[in-house]
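Single-structure report; data block below.
The values are calculated or read from the model by the stated rules, or taken from the named source; none is laboratory data. Quick caveat, the model's predicted, so the values are computed rather than measured. When we count neighbours, we look across all protein chains shown, and the Cβ atoms used for this are built from the backbone with ideal geometry, even at glycine.
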Amino acid sequence: MVAGRPREFDYDKALEQAMKVFWSKGYEGTSMPDLTDAMGMNRPSIYAAFGNKEELFNKALDKYHAESMIFLRERLAARDVREAISGFFCGIATSFSCGKSPKGCFAVMTALVGSDECESVRKAARERREDILNVLHDRLKKAVKDGDLAKDTDTRCLARFFVTVLQGMSVQSASGACDEDMHKIAMRALDILPE
């Protein structure tokens with residue numbers, strides 16, 4: 001049996017390039033020519049390796065989400081809840097303003113709005129944002145169990161507040177907020193934690 005022709009591209013690098021285009025232009029604002037230019041591939045090669053535009057977006061979203069969840073869990077692993085939330089928000093502030101990737105959160109900036117035709121993309125991004133809420137909620141419930149937060153703390157509401165701050169930071173970053181401002185927002189978020 002003759003072996004198939006090896007791929008002439010780096011799958012992960014091409015996916016990273018596609019992710020940056022979606023991140024910068026949004027799902028609907030990204031065209032196939034944008035993707036072919038950024039990835040250095042023609043349409044048939046993109047379709048063969050990644051599927052159609054929606055499938056490519058979902059692969060990019062999955063990559064971003066997997067990396068984000070590692071980041072989130074590492075920050076929230078601190079023993080003290082205040083240290084955990086501080087590490088999370090300061091890490092987000094740095095990430096959103098470091099200039100290594102487009103501004104803000106991929107799952108917020110790419111598919112928050114759009115036409116009815118991209119409802120499945122909006123749903124996929126919404127599910128990933130919900131995962132962040134659930135991980136934060138679990139960490140806050142642990143803080144109550146450990147005695148770091150009062151037993152009557154509404155951990156679901158507090159987690160949703162933190163996600164709201166995160167999403168607001170994403171928009172502020174995309175609007176040009178500087179690193180110093182992003183870190184001030186991060187530290188202000190800690191003020192809501194009950195003593």
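Residues in the stretch 94-130 that are under 13 Å from the mean Cα position of the chain (by Cα) and farther than 19 Å from K59 by Cβ: S95, F96, K103, G104, L112, E130. Scanning the stretch 128-141 for residues being surrounded by 14 or more Cβ atoms within 10 Å (Cβ to Cβ) and either more than 15 Å from I85 (Cα to Cα) or in contact with an Asp or Glu (Cβ under 8 Å, 6 or more places away or on another chain) (or both) gives a total of 3. For V144, the requirement of being free of Cβ contacts under 8 Å to residues at least 12 places away in the same chain, out of contact with any His (no Cβ under 6 Å at 6 or more places or on another chain) and aliphatic (A, V, I, L, M) is met.
Only a single criterion out of (1) without any contact (Cβ under 8 Å) to a residue 60 or more places away in the chain; (2) within 19 Å of the chain's Cα centre (by Cα); (3) under 15 Å from I92 (Cα atoms); (4) surrounded by 15 or more Cβ atoms within 10 Å (Cβ to Cβ) is not satisfied by A159, namely (3).
Just to verify a result, which residue in the stretch 40-54, among those that are on the phi < 0 side of the Ramachandran plot and touching a Phe, Trp or Tyr at 6+ places or on another chain (Cβ under 9 Å), is surrounded by the fewest Cβ atoms within 10 Å (Cβ to Cβ)? Walk me through it before giving the result.
From the stretch 40-54, those on the phi < 0 side of the Ramachandran plot are 41-50, 52-54; that's our starting set.
With touching a Phe, Trp or Tyr at 6+ places or on another chain (Cβ under 9 Å) added as a condition, the list becomes 41, 45, 49-50, 53-54.
Details: M41: 20, S45: 16, A49: 16, F50: 21, K53: 21, E54: 14.
Filtering first and then ranking leaves E54.
Taken across the stretch 92-114, residues that are more than 23 Å from V165 (Cβ to Cβ) and either part of a loop (DSSP other than H, G, I, E, B) or modelled with pLDDT of 90 or more (or both) do occur, with at least one present. If you filter the stretch 67-79 down to residues that are under 18 Å from P194 (Cβ atoms) and surrounded by 12 or more Cβ atoms within 10 Å (Cβ to Cβ), you find that the one that is nearest to the chain's Cα centre (by Cα) is L76. Of the residues making up the stretch 122-156, those that are more than 17 Å from F89 (Cβ to Cβ), part of a helix (DSSP H, G or I) and aliphatic (A, V, I, L, M) number 3.
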